[in-house]
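First comes the structure, then the notes that go with it.
The values are calculated or read from the model by the stated rules, or taken from the named source; none is laboratory data. Being a predicted model, the structure only gives us computed values, none of them experimental. Cβ atoms come from the backbone with ideal geometry, glycine included; neighbour counts cover every protein chain shown.
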Amino acid sequence: MADISDQPRETFRISMLLYDARYRSMTIQVVAAMLIMLFLAQLVDNTVTNLAALGKDISFSFLGSTAGYDINQQLIPFTSQDTHARAALVGILNTLLVAVLGCILATIIGVFAGVLRLSSNWLVARVMTVYVECMRNTPLLIWILIVFAVMTEATPQPRDFQEGGTASMILWDSVAISNRGVFMPLPIWGEGSGIVVAIFILSIIGIFVLRYVARKRQEDTGQQLPVLPLSLALFILPVTLAFFALGRPISLDYPVLGGFNFQGGLQVRNSFIALWLALSLYTSAFIAEIVRSGILAVSKGQTEAAFALGMQPNRTMQLIILPQALRVIIPPLISQFLNLTKNSSLALAVGYMDARSTLGGITVNQTGRELEGILLLGIFYLITSLIISSAMNFYNSGVKLKER
Amino acid sequence: MTKTVFIGALAVAGLTAGIASAQTLNDVQERGTLRCGSNEGLAGFAAPDANGNWEGFDVALCRAIAAAVLGDGQAVEFVPLTSQTRFTALAAGEVDVLVRNSTWTFTRDTDLALDFPAINYYDGQGFMVPRALGVSSATELDGATVCIQTGTTTELNLADYFRANGLNYEPVPVATNAEGQQQYLAGACDVYTTDISGLAATRATFEAPGDHVILPEVVSKEPLGPAVRHGDNDWGDIVRWTTHALIAAEEYGVTQANVAELAAAPTDNPEVNRLLGTEGELGAMIGLSADWAVQAISVGGNYGEIFEANIGESTAVGLARGLNAQWTEGGLMYGGPFR
Ligand SMILES: N[C@@H](CCC(=O)N[C@@H](CS)C(=O)NCC(=O)O)C(=O)O
């Protein structure tokens, strides 16, 4: 093959790294990469050297040693004889609990507040504006402390629930709201309770099937089925029948006052309530704004068209506006969920034993492993955030506009 | 090429980082003030008064150290630290010395890389309950809700004690003494537990101290004392011997009132002379002036005077000397020999 180019081959000179546009960007990138690596190396080395100067090393073996402290709220059994790793796990589960429940409650309140803020009722819209602005413009920590202070200072002590005391239980003597938390009945799952639960789940599935059938039928024949009464019947009857037929396998363990405190039942601690409510209320204000902007992003013509077809306003919202608004709403909603999860580390302020308080608090303190503990904590929050955002992205790709 | 730069960077960083520790004394003298890690406020031990002046039993030790080193008991900057942050702050060099009801333990001394050069209060952990509960012994506390400060020996002792005695309890973690006090008074916990001295100090600030009892059980040993970073032994020596100077001063009858007079000319007690620098060169041996101990004692008096003025039986805190009496009186306070 003949050589088509008869130009002399250009020789490479060092100065071309800087003056030749073909190489310059490469040079800049290499230099930047080297600087970053230098910086990181300096950081790591500085840490290691300074730790060594303090007589400390980096080691994660503390995770396997006995924790020695107790944790009040535990979703899995934990005693002071368990390891620091298990204490961290207890804390992590507590973080996840408050984060999941917080995201759910925040979304519910947020959607309501966002929709109501657009209400044509002047008063409702104004009240919601005030709510959103108050929540958004004050620090979260303040709300956590306010809710906690109200829960501990304004509620009676367990002692006051004694015979002749100043406080009494509510809801037919089943729930006690005290300054140590809310005590409520706990279901005890006896023999045969599995069947009852299974029947309950089956009836829920039945309700969905019923709705599907009813819609099909309406589309085909135009006849409507009485969906609501039928669903209610499905919801209540089979379960009740099974419950009594199997001899009441599920019973309730009521909290009763004994000794220093209520015994039995389920204790929802004030620290949890304060953190959960405050996180939800605070985040709901941001979600409300996201929902509002999502709704406003749907062209007014859509509403007008729906009205022209004779649709009721609430059905218009449900069937026309919200599904389209969701596309705008989901992406910023993800970041609110991430915020809520990370903000839950303020748990420390009210003594809620989350991952920050166990792993990043007591464990770090008792073992002196600040660097290791905080590093692990950071990794935990990072992984949690990545999981949340990928789950939400997955959902988002389901609802987003499908271009065909 | 990148690799060589990398290794070069490592070497340079290694050189710059190595020169830490072993110069706290220089730092303090250059700065002109002593940074002392203290409580966020525990009556009698360390709390700012109405004018913002810190005072208390632990504060007095800080001031004595400042006087010994700088010749001025007021040249102290108090840094309030929570039980969770105190050791990190000390290790990071934010404070020069930590005098904050801190217990000397094996782990803190070794693994946390601290040193506890001296003990200024022998304490133990106890329980405080409202008198109305009618509890007279800690063994009756089964099922109780207990407020504890996190990051303390208290929370570990508590877990041990209740487990060893087969009792159940619900821990309520609090970050500071003030928070614990508020929770306890609101009845959110039945029991408040910490060092007995801390309980007495906390109770002294209640509206009705008489409504609360400290149970007789002492469930742990809590030798409290100043802490410094491990590795700077010169600085550790200064803290140790200043504390011992105050203790020895009480034993030899050197007080705030007579220290100037005793230091004016050698007395016929050679131990006092060496302590006060009128004989020998003890000051120079720890890098301080000859009258370092005179300065330290002048600020708040000797150990006994500091005790009586801040937490003694005549004060609201009302602690008896007990274990903290001089060894000559059956206590554990034993100032080292000054020679
Ligand atoms: N001696 C224990 C407990 C120290 C401690 O935190 N003491 C409490 C009460 S005695 C305190 O000083 N609190 C004051 C504050 O929170 O500022 C330890 O070293 O772990």
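Note on segment B:277-305: residues that are within 24 Å of the chain's Cα centre (by Cα) and of a type in the set (A, V, I, L, M) total 7. When segment B:245-257 is filtered for residues that are within 15 Å of B:VAL299 (Cβ to Cβ) and part of a loop (DSSP other than H, G, I, E, B), the ones remaining, listed by number, are B:VAL254, B:THR255, B:GLN256, B:ALA257. For segment B:190-199, filtered to residues that are more than 9 Å from the ligand (Cβ to nearest atom) and more than 10 Å from every other protein chain (Cβ to nearest Cβ), the residue that is surrounded by the fewest Cβ atoms within 10 Å (Cβ to Cβ) is B:TYR192.
Of all residues in segment A:146-186, which are in contact with a Gly (Cβ under 7 Å, 6 or more places away or on another chain), part of a loop (DSSP other than H, G, I, E, B) and more than 11 Å from every other protein chain (Cβ to nearest Cβ)? Listed by number, the list holds a single entry, A:PRO185.
Annotation: B:PRO173 fulfils all but one of (1) in contact with a Ser or Thr (Cβ under 7 Å, 6 or more places away or on another chain); (2) closer than 28 Å to A:THR155 by Cα; (3) more than 8 Å from chain A (Cβ to nearest Cβ); (4) at pLDDT 90 or above; the unmet one is (3). For the residues B:GLY187, B:GLY134, B:GLY166, the requirement of being away from the ligand (no atom under 16 Å from the Cβ), facing chain A (nearest Cβ under 7 Å) and over 27 Å from the mean Cα position of the chain (by Cα) singles out B:GLY187. When A:SER344, A:SER397 are checked against the criterion of being buried (at least 23 other Cβ atoms within 10 Å of the Cβ), more than 11 Å from chain B (Cβ to nearest Cβ) and of a type outside the set (A, V, I, L, M), a single residue qualifies: A:SER344. Restricting attention to segment B:83-104 and to residues that are facing chain A (nearest Cβ under 10 Å) and of a type outside the set (A, V, I, L, M, F, W, C), the residue that is nearest to the ligand (Cβ to nearest atom) turns out to be B:SER83.
Just one residue in the set B:GLY44, B:GLY37 is crowded, with 20+ Cβ neighbours inside 10 Å, at positive phi and either within 12 Å of the ligand (Cβ to nearest atom) or away from every other protein chain (no Cβ under 14 Å) (or both); that residue is B:GLY44. Residues in segment B:137-147 that are among the aliphatic types (A, V, I, L, M) and either surrounded by fewer than 23 Cβ atoms within 10 Å (Cβ to Cβ) or at the interface with chain A (Cβ under 9 Å from one of its Cβ atoms) (or both): B:ALA138, B:LEU141, B:ALA144.
For segment A:346-404, which residues satisfy the criterion of being under 22 Å from A:LEU279 (Cβ atoms), among the charged types (D, E, K, R) and assigned to a helix (DSSP H, G or I)? Once the filter is applied, which keeps residues that are under 22 Å from A:LEU279 (Cβ atoms), among the charged types (D, E, K, R) and assigned to a helix (DSSP H, G or I), segment A:346-404 yields only A:ARG356.
Inside segment A:209-259, residues that are in contact with a helix residue (DSSP H, G or I) (Cβ under 7 Å, 6 or more places away or on another chain) and closer than 30 Å to B:ALA132 by Cα make up a count of 1. Note on segment A:247-261: residues that are assigned to a strand (DSSP E or B), within 14 Å of another protein chain (Cβ to nearest Cβ) and either out of contact with any Phe, Trp or Tyr (no Cβ under 8 Å at 6 or more places or on another chain) or buried (at least 19 other Cβ atoms within 10 Å of the Cβ) (or both) total 3. As a summary of the residue check, B:THR202 satisfies the conditions (1) more than 29 Å from A:LEU145 (Cα to Cα); (2) β-branched (Val, Ile, Thr); (3) away from chain A (no Cβ under 14 Å) except for the one numbered (1). Within segment B:205-215, the set of residues being hydrophobic (A, V, I, L, M, F, W, C) and either away from the ligand (no atom under 15 Å from the Cβ) or at the interface with another protein chain (Cβ under 10 Å from one of its Cβ atoms) (or both) comprises B:ALA208, B:VAL213, B:LEU215.
Going by the structure shown, is A:ALA278 in a helix (DSSP H, G or I), more than 14 Å from chain B (Cβ to nearest Cβ), in contact with a Phe, Trp or Tyr (Cβ under 6 Å, 6 or more places away or on another chain) and of a type in the set (A, V, I, L, M, F, W, C)? Taking the combined requirement at face value, the residue satisfies it. Run down B:THR103, B:THR150 and say which single residue is among the hydroxyl-bearing types (Ser, Thr, Tyr), surrounded by 18 or more Cβ atoms within 10 Å (Cβ to Cβ) and more than 18 Å from B:CYS36 (Cα to Cα). When all the criteria are applied, what remains is B:THR150. Only residues that are at negative phi and more than 16 Å from the ligand (Cβ to nearest atom) were counted across segment B:140-157, and they come to 5. Taking segment B:105-123 as the range and being of a type in the set (A, V, I, L, M), within 13 Å of the ligand (Cβ to nearest atom) and under 15 Å from the mean Cα position of the chain (by Cα) as the test, the residues that pass are B:LEU114, B:ILE119.
Residue count for segment B:47-62 under the criterion of being outside any helix (DSSP H, G or I) and either within 14 Å of another protein chain (Cβ to nearest Cβ) or more than 11 Å from the ligand (Cβ to nearest atom) (or both): the result is 8.
Inclusion of B:TYR161 among residues that are more than 8 Å from chain A (Cβ to nearest Cβ) and either touching a helix residue (DSSP H, G or I) at 6+ places or on another chain (Cβ under 8 Å) or within 16 Å of the ligand (Cβ to nearest atom) (or both) is warranted.
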